[in-house]
Number of protein chains: 2
Amino acid sequence: MSSHHAPSSPGTLSYEQAGVNYDLIDPLKVSAQRAAAATAGHLAGHGFTEVAASRGESAYVVDVGPFYIASIVECLGSKALVADEMAALTGRSWYAGIAQDTIAMAVNDLITVGATPLVVQAYWAAGGSDWFGDATRAQALVAGWKAACDTCGVAWGGGETPALAGIVEGGRIDLAASCTGLVNPKQRLSVGDRLAAGDAIVLLDSSGIHANGLSLARKLVERLPQGYLTEIAPGLSYGEALLAPTVLYSPVTEALWAAGIVPHYNANITGHGWRKLLRHPGTFTYRIHTVPPVPPVLRFIQQQAQQDDQEAYSTLNMGAGFALFVAPGDAERTVAIAQGLGIGARVAGTVEAGPKQLLIEPLGLRFGDDALQLR
Amino acid sequence: MSSHHAPSSPGTLSYEQAGVNYDLIDPLKVSAQRAAAATAGHLAGHGFTEVAASRGESAYVVDVGPFYIASIVECLGSKALVADEMAALTGRSWYAGIAQDTIAMAVNDLITVGATPLVVQAYWAAGGSDWFGDATRAQALVAGWKAACDTCGVAWGGGETPALAGIVEGGRIDLAASCTGLVNPKQRLSVGDRLAAGDAIVLLDSSGIHANGLSLARKLVERLPQGYLTEIAPGLSYGEALLAPTVLYSPVTEALWAAGIVPHYNANITGHGWRKLLRHPGTFTYRIHTVPPVPPVLRFIQQQAQQDDQEAYSTLNMGAGFALFVAPGDAERTVAIAQGLGIGARVAGTVEAGPKQLLIEPLGLRFGDDALQLR
């Protein structure tokens with residue numbers, strides 16, 4: 001990410017300055033992706049094939065005959081560090097929400113390919129056995145994990161709870177979730193071939209920062225005299241706002257299918273902000289005419305980090321957690337279905353023939369073809 | 001584990017003394033298992049059902065109609081710390097083997113239910129971006145991961161490579177693998193209903209400590225003046241011996257199926273040593289008449305930790321990495337198939353009607369019904 005845009009002014013805090021250096025990680029990712037791609041042929045030995053278009057998408061898909069199997073593993077990231085700080089400041093446990101965040105990282109990616117999430121596995125690697133000795137925190141993690149599974153209609157299959165002193169920091173926990181699902185029936189597969197000029201872009205609201213951009217958000221705390229307890233709205237602290245759990249979007253994609261709506265493409269808006277709208281490999285212009293309201297915590301981060309809109313929308317979700325690209329005739333019904341599930345939604349724009357770019361017209365922003373290099 | 005047996009003498013180093021306190025972890029595990037079991041009903045909403053007998057087994061299995069889907073996530077544990085120490089001492093990278101270990105933790109568990117592993121996802125959470133900047137080490141991890149996928153005939157679907165400063169220790173990496181597979185055709189399902197008195201117990205050789213018992217092995221280094229460079233056999237250091245990669249057993253289970261042999265039950269011999277032979281929920285006596293040779297590194301650990309055989313076989317694999325319970329008429333052919341793949345194997349004993357116990361007759365050992373409480 002660091003190579004894609006420079007901070008806009010000397011006082012600006014960029015994601016790179018917050019401690020993540022993608023120049024070091026990217027060569028490994030490229031070589032891992034190349035090695036991974038070279039293993040696809042093994043599936044033929046079992047009578048199956050990969051869906052090649054799923055390489056580079058958010059979940060990996062295999063054609064096993066009667067349906068497709070999708071699988072994924074996803075990391076929470078550093079949001080648990082905020083929960084730990086807030087627990088020390090408030091005496092409450094925030095791990096029920098953290099559990100939902102972790103599952104959301106996996107489920108919201110898995111559904112982009114059209115999969116129904118079926119089984120979630122828990123990966124809870126603590127810095128020592130004593131992490132699990134805080135029964136209130138541990139029970140919050142269990143209860144939140146269960147509740148998120150209930151919301152998504154997935155079975156919690158099991159998992160790992162290792163104590164990894166010397167690898168995970170003392171008092172900390174490394175959280176991840178793996179998820180397996182089915183694309184069933186197979187016409188639900190969504191890996192981009194259906195996207196067309198004229199499609200509508202429906203954006204589903206986020207609840208706040210979700211679980212991306214936390215390195216930046218944590219770095220900002222150093223600039224705040226009251227730290228996480230800084231009020232960003234009446235009665236709402238920065239820490240509490242950051243810890244709003246990530247929205248689980250699979251009830252929406254399941255309800256759309258039940259209503260006969262098959263999205264032409266989906267994008268989970270995570271670490272690259274609105275640039276994720278450029279994820280599809282094709283050449284289209286994405287013209288946004290309506291932007292969702294910006295959650296107070298994201299507006300606060302933007303202001304504190306002295307980011308202009310170009311930078312903020314390229315890193316943070318700015319109120320849009322998930323994008324559904326649907327046939328124009330399905331757009332309003334898609335919005336209604338999401339809203340019926342309590343998730344804010346709006347028809348935000350259209351897909352057009354034209355050069356690959358994202359135009360956020362209400363803000364006068366443009367992101368070009370080179371803004372997102374994920375593959 | 002700590003509650004199940006006490007160290008045999010004051011000089012003995014037990015697993016508990018090596019820093020893992022299961023008394024703190026177990027209450028969480030029990031409550032997580034209970035919550036997880038309560039989510040199984042969600043599968044009915046998708047037209048599927050769980051294989052209830054797989055709860056408590058090594059992988060979770062769902063009946064999706066034409067076949068079963070099995071899934072799992074598994075952690076490497078602390079073996080990477082040995083690789084880091086040995087890299088400092090020898091200037092070599094040991095991460096190709098570490099990659100194989102990580103995949104083995106997932107694959108060797110997944111195959112116990114009769115599944116063919118299809119897709120592996122990588123979870124590589126480093127203490128900072130700089131971990132990936134050591135190109136030699138990073139490339140060894142990639143190459144080893146690819147090679148293990150090739151051995152197992154699985155597709156490497158993708159994964160996560162987060163930099164988790166503040167959660168994972170600087171300079172360290174938390175490695176895990178998730179794996180999804182199919183039980184196909186469905187008669188390959190192995191969750192214990194076939195096990196019967198008269199069955200033969202075939203043990204497949206381990207390559208050494210595999211990836212369990214490393215906390216104990218690392219603790220012992222403090223007692224060794226030459227540390228990891230201590231010679232445990234001519235030209236073989238303690239560190240190098242510990243880092244022998246875990247054997248990947250899926251080629252054996254696949255070859256057995258191709259030969260028309262369906263094991264009645266399988267046990268991956270990991271953290272609870274030979275007590276894993278008691279894993280099946282039924283009431284049988286497991287009588288061992290032949291034990292495999294003990295790898296030098298495990299004999300060395302036993303001696304240095306001053307463990308008697310009872311303690312060593314209850315914690316370490318002592319040369320047996322995987323147990324296949326097969327019809328007596330299939331036993332010799334099972335051995336021949338494994339040996340044909342370069343994996344040492346032997347008919348080690350029989351399953352008998354009788355009280356639940358494991359009798360290792362050549363060593364005069366007995367483990368009773370209370371020796372293993374995993375569920």
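Taken together, the values in this text are just the output of simple stated rules run on the coordinates, not laboratory data. Quick caveat: nothing in here was measured; it's all calculated off a predicted structure. Don't worry about glycine lacking a Cβ; one is built from the backbone with ideal geometry, like all the others, and counts go over all protein chains shown.
Here the relative contact order of chain B, from alpha carbon pairs under 8 Å that lie six or more residues apart, stands at 20 percent. Distance from the axis that maps chain B onto chain A is least for the Cβ of the chain B residue given, with the whole Å value, as B:178, 2. Whole Å is fine, so just give me how far the alpha carbon centre of segment B:306-329 lies from that of segment A:319-348. Cα centroid of segment B:306-329 versus Cα centroid of segment A:319-348: 57 Å apart. Computed from the C-beta positions of residue A:303 and residue A:341 and an R0 of 35 Å, the FRET efficiency is 0.65 to the nearest 0.05. Fewest-first ordering of A:243, A:203, A:195 by other beta carbons within 10 Å of each residue's beta carbon gives A:195, A:243, A:203. Positive-end ranking of B:140, A:268, B:60 along the dipole of the protein assembly as shown, with charges on Cβ about the Cα centre, is headed by B:60. Distances between copies of residue B:329, taken at a point 7 Å out from Cα along the Cα→Cβ vector and listed shortest first: 6.3 nm. With neighbours defined as other Cβ atoms within 10 Å of a residue's Cβ, the residues A:23, B:174 order from fewest to most as A:23, B:174. Label-point spacing for residue A:255 across the identical copies (point 7 Å from Cα in the Cβ direction), in nm and ascending order: 5.4. Counting only lysines at least 8 places from residue B:276 when in the same chain, those with an alpha carbon closer than 17 Å to its own are B:356. Evaluated with a Cβ-only charge set (Lys, Arg +1; Asp, Glu -1), segment A:200-371 carries a dipole of roughly 180 debye about its Cα centre, given to the nearest 20.
Placing R0 at 45 angstrom, the Cβ-Cβ distance between residue B:89 and residue A:92 gives a FRET efficiency of 0.45 after rounding to 0.05. A simple spin-label model places the labels of residue B:37 and residue B:255 3.9 nm from each other, with each point 7 Å out along Cα-to-Cβ.
Take the Cβ atoms of residue A:283 and residue A:49, set R0 to 22 Å, and the FRET efficiency comes out at 0.25.
At a 10 angstrom cut-off on C-beta neighbours, averaged per residue, how do the peptides A:248-259, B:138-149 rank from highest to lowest? Before the final figure, lay out each step's value.
Numbers: A:248-259: 19.9, B:138-149: 23.2.
Sorting A:248-259, B:138-149 by mean packing, highest first, produces B:138-149, A:248-259.
Stretched out straight at 0.36 nm per residue, the stretch from residue A:290 to residue A:361 would grow longer than its current Cα-Cα span by 24.8 nm.
Sorted ascending by nearby beta carbons within 10 Å, beginning with the fewest, B:332, A:160, A:222 become A:222, B:332, A:160.
So what is the 222 nm mean residue ellipticity for the protein assembly as shown from helices alone, if each DSSP H run of at least 4 adds -39500 (n - 2.57) and you divide by all residues, rounding to the nearest 500 deg cm²/dmol?
-9000 deg cm²/dmol
Counting only Cβ charges, +1 for Lys and Arg and -1 for Asp and Glu, the dipole size of segment A:156-246 around its Cα centre is about 200 debye.
Using only side-chain charges placed at the Cβ, +1 for Lys and Arg and -1 for Asp and Glu, the dipole size of the protein assembly as shown relative to its Cα centre rounds to 660 debye. Each other copy holds its own label point for residue A:89; taking that point as 7 Å from Cα along Cα to Cβ, the gaps run 4.5 nm, nearest first.
Remark: relative contact order (segment A:38-193) = 32 percent; criterion is Cα-Cα distance under 8 angstrom and separation of 6 or more residues. Residues whose amide H comes within less than 5 Å of that of residue B:118, counting only those at least five positions distant or on another chain, are B:180, B:181, B:182 (H built at 1.01 Å from N in the peptide plane). If you take the Cα centroid of segment B:176-206 and the Cα centroid of segment B:223-258, the two points sit 24 Å apart.
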